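The block underneath contains the structure these notes are about, expressed in structure tokens.
The values are calculated or read from the model by the stated rules, or taken from the named source; none is laboratory data. Remember, predicted model here, so these are calculated numbers, not experimental data. Here the Cβ positions follow ideal geometry from the backbone for every residue, glycine too, while neighbour counts run over all protein chains shown. Note: accessible area is taken over every heavy atom of the protein model, side chains too, but ligands, DNA and RNA are not part of it. Shrake-Rupley method; radii C 1.70, N 1.55, O 1.52, S 1.80 Å.
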Amino acid sequence: MRFTIWGCRGSLPTPGPSTVRYGGNTSCLEVLLENGTVLVLDAGTGIRPLGVELLERGVRNIHILLTHLHLDHLEGLRYFAPLFDERAKLEIWGPRSPLFSLRQRIVRSFSPPLFPIDVRRVPAQVGFHDVPRHPWTIDGAVLSAELVAHPGPTLGFRVESGTSSVAYLPDHEPALGGPIAHRSRDWVSGSSLAEDADVLLHDAQFSEGEYDERIGWGHSSVGDAVAFARSSGARRLLLFHHDPSHSDDVLEQMQAQARDIATGEDEAPALAREGMVVDV
Amino acid sequence: METPRHKHLVLILAREFASNLATPTLIVDDEGRLVFFNEAAEEIVERTFAETGELPLDEWVTPFAPRSLESEPLPFERLPSGIALYERRPAHERFRITSVDGVERDVAVTAFPLFAHADEFVGIVIIFWRE
């Protein structure tokens, strides 16, 4: 399978001259399976250009998997071009909630005063699904979703196709359960999703100093991202969910810090970058 | 292809919560397996969690020989932990146990179920109160 990063910024879109190398769009990952099926992980602002391209490519059946409904993971959905194409069929998957259905929760962002068009007027066929509690299959790929440590119901995903696997945990604070290196793998939030994954895209929003001031905000430091990758046995770590206040230069300093911490690992951690294409 | 599962997030957070409490606290999963007890509970279990590791239901309940304050044996189902596990509701009770060192102790115990969702029971928390 192949994945393309359409957005890897956290919290808020951050366009401008200081973010051109790693991008300013918020979370969105396209996973293209070998049979042509497209899975879209999260609907941050990166999903807008992806939608335009999918229509150009003639892709009409699309699965969108939402880790959670914080705005930076949802705000692009309203501008996703296939929604406004009556030939398109979208299946939207997301976390369970004890009170409201996924549709009810998403519709809030499709309603005045936040948005002028009601979701009922969208021409595409749209289905809403709570993720199953056990792995499930979409067109030959096996997907797993688990609740992970982040405020509100939040999922991490694992996609397996053939012998390849990608784990996606863009918003995750595993250190909230205690120091990662001191715990067995089964006591680390999200670890089964990332276990021995070929590629792990993981939250690394903060430097160590920033994290100390933001414990409980739901995000990881660079050091915790490396520790989580090491604990879970993931082979390649991509640092994801870049803080809006971090310029490209700051991100590269954080990457250097991650590589120092990860000394001895087979593959050095790298920054996720908008436009990055990875074959797994 | 089934992904091996880590502990449910609710249990992970419950463990971290318990590990920061000075009150003896046990964490049990949905099958009755003792998956964690904190440092304060070592006084009751008489061992550290590092020594015992996880214990199946019969191995952690039986040694306590729980009985009423009138010394009548109490089946697990009538204990707060049994009520929380099998009936999935909170319970509180005073009763008598024998610690691993043979010392009899009167204890007050609160147990309550953990639901990740209304229909997703993931375990219980058991708290021992000193009276």
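Say we look at segment B:41-70 and pick out the residues that are in a helix (DSSP H, G or I) and touching a strand residue (DSSP E or B) at 6+ places or on another chain (Cβ under 7 Å); which of these is surrounded by the most Cβ atoms within 10 Å (Cβ to Cβ)? If you could, list the steps in order and put the result at the bottom.
Step one: list which residues in segment B:41-70 are in a helix (DSSP H, G or I), which gives B:41-45, B:49-52, B:57-64.
Those left that are additionally touching a strand residue (DSSP E or B) at 6+ places or on another chain (Cβ under 7 Å): B:41, B:44-45, B:49, B:60, B:64.
Working: B:ALA41: 24, B:ILE44: 18, B:VAL45: 20, B:PHE49: 21, B:TRP60: 20, B:PHE64: 20.
The residue in question is B:ALA41.
Of everything in segment A:178-196 that is touching a Ser or Thr at 6+ places or on another chain (Cβ under 9 Å) and open to solvent by less than 10 Å² (accessible area, probe 1.4 Å), the residue that is farthest from the other protein chains (Cβ to nearest Cβ) is A:ILE180. Considering segment B:3-41, and only residues there that are within 14 Å of another protein chain (Cβ to nearest Cβ) and acidic (Asp, Glu), the residue that is farthest from A:ALA234 (Cα to Cα) turns out to be B:GLU39. Of the residues making up segment A:1-25, those that are at negative phi and free of Cβ contacts under 8 Å to residues at least 24 places away in the same chain are A:PRO15, A:PRO17. Checked against (1) on the phi > 0 side of the Ramachandran plot; (2) of a type outside the set (Val, Ile, Thr); (3) open to solvent by less than 30 Å² (accessible area, probe 1.4 Å), A:GLY264 meets all criteria but (3). For residues in segment A:143-176 being touching a strand residue (DSSP E or B) at 6+ places or on another chain (Cβ under 8 Å) and assigned to a loop (DSSP other than H, G, I, E, B), which is nearest to A:SER189 (Cα to Cα)? If we take residues in segment A:143-176 being touching a strand residue (DSSP E or B) at 6+ places or on another chain (Cβ under 8 Å) and assigned to a loop (DSSP other than H, G, I, E, B), then A:VAL148 is nearest to A:SER189 (Cα to Cα).
Of everything listed in (1) at pLDDT 95 or above; (2) buried (at least 16 other Cβ atoms within 10 Å of the Cβ); (3) farther than 24 Å from A:PRO244 by Cβ, the single unmet condition for A:ARG87 is (2).
Can you confirm whether segment B:71-86 contains a residue that is farther than 25 Å from B:LEU11 by Cα, open to solvent by 80 Å² or more (accessible area, probe 1.4 Å) and assigned to a strand (DSSP E or B)?
yes
If you go through segment A:26-65 and keep only what is in contact (Cβ under 8 Å) with a residue 60 or more places away in the chain and under 15 Å from the mean Cα position of the chain (by Cα), you end up with A:SER27, A:LEU29, A:VAL31, A:LEU39, A:LEU41, A:ASP42, A:GLY46, A:HIS63, A:LEU65. Of all residues in segment A:96-112, those satisfying the criterion of being of a type outside the set (A, V, I, L, M, F, W, C) and out of contact with any strand residue (DSSP E or B) (no Cβ under 6 Å at 6 or more places or on another chain) are A:SER97, A:SER101, A:GLN104, A:ARG105, A:ARG108, A:SER109, A:SER111, A:PRO112. Taken over segment A:177-220, the residue count meeting the criterion of being within 14 Å of A:ALA270 (Cα to Cα) and not in a loop (DSSP other than H, G, I, E, B) is 5.
Each row is one residue, and each column tells you yes or no for (1) open to solvent by less than 20 Å² (accessible area, probe 1.4 Å); (2) of a type in the set (A, V, I, L, M); (3) touching a strand residue (DSSP E or B) at 6+ places or on another chain (Cβ under 6 Å).
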position	(1), (2), (3)
A:LEU200	yes, yes, yes
A:ASP212	no, no, no
A:GLY216	no, no, no
A:ASP224	no, no, no
A:ALA227	no, yes, no
A:GLY233	no, no, no
A:ARG236	no, no, yes
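The set of residues in segment B:96-122 being more than 19 Å from B:PRO63 (Cα to Cα), among the charged types (D, E, K, R) and outside any strand (DSSP E or B) consists of B:ASP119 alone. Elements of the type strands (runs of 3 or more DSSP E) sitting completely within segment A:1-81 and holding at least 1 residues that are open to solvent by 30 Å² or more (accessible area, probe 1.4 Å): these cover A:2-7, A:28-32, A:61-65. Examine segment A:146-166 for a residue that is under 23 Å from B:HIS117 (Cβ atoms), of a type in the set (A, V, I, L, M) and open to solvent by 20 Å² or more (accessible area, probe 1.4 Å), and state whether such a residue exists. Yes, segment A:146-166 contains at least one residue that is under 23 Å from B:HIS117 (Cβ atoms), of a type in the set (A, V, I, L, M) and open to solvent by 20 Å² or more (accessible area, probe 1.4 Å).
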